[in-house]
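In what follows, a structure is listed as structure tokens, so that the remarks can point back to it.
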Amino acid sequence: MDWSNLKADYERLGTYKAVAAAYGASVSAVGQHAREQGINPGYPGGSSPLEKLLQSALMKVGIGFTAGAYVGNRYFADILLNQAPIILEADGNWHKIHVERDAKRDAHLTACGFKVIRFTGAQLNRGADQCVQSVIDEYGLTPDADPQYVIRVSMMGAENPHWTGGPQTVACAQCGSETSRNNFRTTVKKPFCNSKCYGAYMSAHPEESPRKYKLNWDDVASRYKAGADPDDIMREFGIGKTTLYRHLRRMGVEFRRKPRGPYSGKYGDESRANFRRGHEQRRRNGLAPLQGQGGRFVRKAS
């Protein structure tokens, strides 16, 4: 089956289901080939029902627009008119809980020289034609001689404003064979065929390893043997507790055993003194510990 005209047919028919019926194929097959060709009908590539009402009203009066235009170097506008820097936004229920976000967006676009006009779903459902006519009357718009309607149906591939050209064919830095890498990867690091080539290259060129920090574990072991606190060692060398004790164990360093018990902590002596004072106070009040009851106290029988 010829899938070369899939994008044009999808733009004409509007849904995968309609395309599948025209092609005599399953919807899943159409979706698979659409993804391979960078066609994505989902948000924000496809227009919402409210946006389609505005688009139809603008087409009736012959005013060209671009749907899903990338404006202000930051946002995607629902509809940007071609003859004036006017943005029309179709706000559904979702926008009722994002008023502050929309206000911040409008302020940025206004600073960039755009006029943002928002219509609620109720206004558009009652009459999208009246909404468009109000914009025409307020800003003196006229029908275009040759109206152009650009409706974005995809946010993948060349239709994405951030498109960098897709995978590029580059030479592996180790073996020299050709491999495919995206632009963002080729600008960050050298291209390699696989992890084996990467490992071989880094073994031959250790100076280019991203692991610049080489730790001398002999110094760590000597500090530990000298009685330094492990927390101080971890802060000084920038390592974690697990890493510290794992390397000390590999080097055969004997661990210092911390004293155990209820009074072995930082405040051991103070805790012991507090317990003794409390113990004497209980005895003066006529309370005595019961054996085998977890140290609980009960009043003596008179």
Give me the pairs: first residue in region 2-24 and not assigned by TED's automatic domain parsing to the domain that holds TYR149, second residue of a type in the set (Asp, Glu) and part of a helix (DSSP H, G or I), beta-carbon distance under 7 Å, and six or more apart or on different chains, which are they? VAL19/ASP9; ALA22/ASP9
Considering only residues that are over 14 Å from GLU89 (Cβ atoms) and among the polar types (S, T, N, Q), which ones fall in region 115-133? ASN125, GLN130, GLN133
In region 12-31, residue nearest to ASP78 (Cα to Cα) [restricted to those that are modelled with pLDDT under 85 and loosely packed, with under 13 Cβ neighbours inside 10 Å]: ARG12
Can you confirm whether region 97-118 contains a residue that is within 29 Å of ALA8 (Cα to Cα), outside the structural domain of THR15 (by TED's automatic domain parsing) and not β-branched (Val, Ile, Thr)? no
List the pairs whose first member sits in region 46-57 and is closer than 12 Å to LEU88 by Cβ, whose second member is in a helix (DSSP H, G or I), and whose Cβ atoms are under 6 Å apart, counting only residues at least 6 apart or on separate chains? LEU50/GLY121; LEU50/LEU124; LEU53/LEU124; LEU53/ALA128; LEU54/ALA128; ALA57/ALA128; ALA57/ASP129; ALA57/VAL132
Condition check for LYS241: exposed (fewer than 10 other Cβ atoms within 10 Å of the Cβ) and modelled with pLDDT under 90: no
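When region 99-130 is examined, which residues are found to be within 16 Å of ALA84 (Cβ to Cβ) and not β-branched (Val, Ile, Thr)? I'd like the intermediate steps shown before the answer.
To start, the set of residues in region 99-130 that are within 16 Å of ALA84 (Cβ to Cβ) comprises 109-110, 112-117.
The answer is LEU109, CYS112, GLY113, PHE114, LYS115.
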Go through region 112-122 and give me each residue that's closer than 15 Å to LEU50 by Cβ and touching a strand residue (DSSP E or B) at 6+ places or on another chain (Cβ under 8 Å). ILE117, ARG118, PHE119, THR120, GLY121
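Counting residues that are at pLDDT 75 or above, polar (S, T, N, Q) and touching a strand residue (DSSP E or B) at 6+ places or on another chain (Cβ under 8 Å), which strands (runs of 3 or more DSSP E) fully inside region 143-210 reach at least 1? Give the derivation first.
Values: elements: 149-151, 168-171, 178-181.
The qualifying strands (runs of 3 or more DSSP E) are 168-171, 178-181.
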Given the criterion touching a strand residue (DSSP E or B) at 6+ places or on another chain (Cβ under 9 Å), part of a loop (DSSP other than H, G, I, E, B) and at pLDDT below 75, identify the matching residue among GLY295, GLY261, GLY265. GLY295
Looking for something over 17 Å from VAL150 (Cβ atoms), touching a helix residue (DSSP H, G or I) at 6+ places or on another chain (Cβ under 9 Å) and at pLDDT below 85 - is there at least one such residue anywhere in region 52-73? no
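The values are calculated or read from the model by the stated rules, or taken from the named source; none is laboratory data. Just so you know, these numbers come straight off a predicted model, no measurement behind them. As a convention, Cβ positions derive from the backbone with ideal geometry for all residues, glycine included, and neighbour counts pool all protein chains shown.
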